[in-house]
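Asker: Have a look at this one.
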Amino acid sequence: MVKFDWEVKSQFSLQKIHPDASSSSDLSTRQGMAPLLMLLAIISIVGGVIGFASYRLAQIQQTIQNHLHESVKAEVSFLRLGDRTQFLAVQRSASPSWLETQSILFDEYQYLKTQQRLNLDAEIVSTVIDGNRARVQVLEQIEGQPYLQTWFYWNYQDGWRHVPADYTFWGEPKTQAGDYITMNYAMLDQTIALSLFDNLERGMAQVCVWITCDPFAVLLVSREGLSVNWSATVPNQLEVSSPYVGRVALRQPLPETLMDELTLQLAKALAQANGASLQVDDWSDRAFIETQLVAYIQSYLLSREPVDNLFVDLKTHFESPKVQDVLQASSQSTFIPLLQELLAQPTLHDMPLTWEPYANWLLRKEYAYWDIEDEQGFYSIYVNDSLSQLIAMTRYAAPQINLQPFQECQWGRPEQLICTTLAAQQVEYKWQFDTFLRVN
């Protein structure tokens, strides 16, 4: 069949107007994926840039840390070699006292070296860098025991230099709260703070079974020197100096003196919360009972079993001794009659008590009267007869009193207590007028 040209063109045109459906779908898909491919490409480029930047930043930070470590090791090598000039050259501060302090430290290290007590390996156990400032902890061995020194540095144009302690660079604040103790500290003190928290919380849990307890807070403070004091602004909060201002023993991070003072302050506060007055220079029997209470509480806070203590005896013979009742009764009666009533024991021999603490209290009382030159008070603790008073006058006139604690006390004749010192010196006390008076 013969087709005219216009018919062929018409069919061709119709075919162009009606394209294939699958071809149209592929085109639409490609057009829709184009923005996504562009986005993926941008993300890849940005990711690559960020990754490279992070890599370079890590390299730079590692380089800065390496330079710091080199400075620390060089400083330690100057100490090891005994080069004072080079050691002081890496110290830097606007205060001239810093060089004096470090010069004294240099002499201390040299002395330890001569005594063969020091091992300076310059092992760096931790490093924190914050901009131009840094904090480094260095491990050293003294007499075989590990210690940590925390040193601070500043990155000057001529390199890292050892600078005075930066008390604002102790790390972020942290809090550990328990039933009795809330511990506030900075990150640098975390190991010490958590160990201290566990000890105090455990001790308080034991003590607060039989006395009234208020919650307390402890704040580890970064400051010069080592001290313990009550906060002037926060009630019931003890502020304790961070030991990292100086050399710290790894086996006992909190110095013993600091721990003793901290627990003593807490024990006194707990005793006062239960009725103790804790008057200074008070030598009454009530004061003796209060000091025994403080010592008893402190023993538990130090994780020690209390010994030779009145309240150990009271707990042995009472299921739940009421401290408030004991303190209240002691203000109306002397020590011995009070315990006779509490323990329902008519005679002193039958009272199940450890007498050494009370006898040593009487001995310290005697010395206190002599020390403050209270002559009549001194004579009043002796039996009022001619021989005992003559002994008292002779002893009071002596230039010095030899104060040796009693090791053992035993009953002699009826109502006579004989106490012996470590040097085998015997002192006799006679029960008279509801109290013990010294015979010899």
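Asker: Residue by residue through the stretch 263-276, what is 3J(HN,Hα) from phi via Karplus (6.51 cos²θ - 1.76 cosθ + 1.60, θ = phi - 60°)? Round to whole Hz and write x for glycine and proline.
Answerer: Each residue of the stretch 263-276 in turn: 5, 5, 5, 5, 5, 5, 5, 5, 5, 5, 5, 10, x, 6 Hz.
Asker: Shape call for the stretch 80-136 from the C-alpha gyration tensor, a ≥ b ≥ c root eigenvalues: rounded (a/c under 1.5), prolate (a/b greater than b/c) or oblate?
Answerer: oblate
Asker: Taking H as built 1.01 Å from N, whose amide H comes closer than 5 Å to the amide H of Ser241, not counting residues under 5 places away?
Answerer: Here the answer is Val221, Ser227, since their amide H atoms fall under 5 Å of that of Ser241.
Asker: By average Cβ neighbour count within 10 Å, what is the ranking of 155-163, 124-132 from highest down?
Answerer: Listed from highest to lowest mean packing, they are 155-163, 124-132.
Asker: A further question follows. Using a Förster distance of 45 Å, how high is the FRET efficiency between Ser103 and Arg395, based on the Cβ-Cβ distance and rounded to 0.05?
Answerer: 0.35
Asker: Of the listed peptides 370-376, 434-440, 293-299, what is their order by residue-averaged count of other C-beta atoms within 10 Å, with the highest listed first?
Answerer: 293-299, 434-440, 370-376
Asker: Under a point spin-label approximation (7 Å from Cα along Cα-to-Cβ), what is the Ala424-Glu356 distance to one decimal in nm?
Answerer: 1.9 nm
Asker: Along the charge dipole of the stretch 55-163, Cβ charges K/R +1 and D/E -1, which of Leu148, Leu112, Gly159 sits furthest on the positive end?
Answerer: Going by the Cα projections, it comes out as Gly159.
Asker: Still on this model: Give me the one-decimal nm value for the distance between modelled label points at Asp374 and Val209, 7 Å along each residue's Cα-to-Cβ direction.
Answerer: 3.8 nm
Asker: When the helix-only estimate is applied to the chain (DSSP H runs of n ≥ 4, each -39,500 (n - 2.57), divided by the residue count), what is the mean residue ellipticity at 222 nm, nearest 500 deg cm²/dmol?
Answerer: -16000 deg cm²/dmol
Asker: Okay, moving on. Can you bin the stretch 355-438 into rounded, prolate or oblate? Criterion: square roots of the alpha carbon gyration tensor eigenvalues sorted a ≥ b ≥ c, rounded for a/c under 1.5, prolate for a/b above b/c, oblate for the rest.
Answerer: In terms of gyration-tensor shape, oblate.
Asker: Here is a further query. When the dipole is taken about the Cα centre of the stretch 108-227, and only Lys, Arg (+1) and Asp, Glu (-1) are charged at their Cβ, what size is it in debye, to the nearest 20?
Answerer: Its charge dipole is roughly 140 debye.
Asker: Taking the chain as the region of interest, what is the percent of Cα-Cα pairs per 20 angstrom bin, listed from the shortest bin to the one with the maximum distance?
Answerer: For the chain, the pair-distance distribution reads 18, 32, 25, 12, 6, 4, 2, 1, 0.
Asker: Give the long-range amide H neighbours of Gln432: residues separated by 5 or more places, or on another chain, with amide H under 5 Å away, using H modelled in the peptide plane at 1.01 Å from N.
Answerer: Those qualifying (amide H under 5 Å, at least 5 residues apart or on another chain) are Leu437.
Asker: What distance in nm separates the simple spin-label points at Lys73 and Gln145, each placed 7 Å from Cα in the Cβ direction?
Answerer: About 2.9 nm, to one decimal.
Asker: State whether the stretch 208-278 is rounded, prolate or oblate according to the following rule on the C-alpha gyration tensor (a ≥ b ≥ c being the square roots of its eigenvalues): a/c under 1.5 gives rounded; otherwise a/b larger than b/c gives prolate, and the remaining case gives oblate.
Answerer: Taking the square roots of the gyration eigenvalues as a ≥ b ≥ c, the stretch 208-278 is prolate.
Asker: Report the net charge of residues surrounding Val221, where surrounding means a beta-carbon distance below 11 angstrom and charges are Lys +1, Arg +1, Asp -1, Glu -1.
Answerer: Neighbour charge sum, excluding Val221 itself: -2.
Asker: Taking θ = phi - 60°, what integer Hz values does the Karplus form 6.51 cos²θ - 1.76 cosθ + 1.60 yield along the stretch 165-182, in sequence order, with x for Gly and Pro?
Answerer: Once θ is set to phi - 60°, the couplings for the stretch 165-182 become 4, 9, 6, 8, 10, 9, x, 5, x, 9, 9, 10, 10, x, 6, 10, 10, 10 Hz.
Computed from the coordinates by the stated procedures, all read-outs in this text should not be read as laboratory data. Being a predicted model, the structure only gives us computed values, none of them experimental. Glycine also receives a Cβ, built like all others from the backbone with ideal geometry; neighbour counts cover every protein chain displayed.
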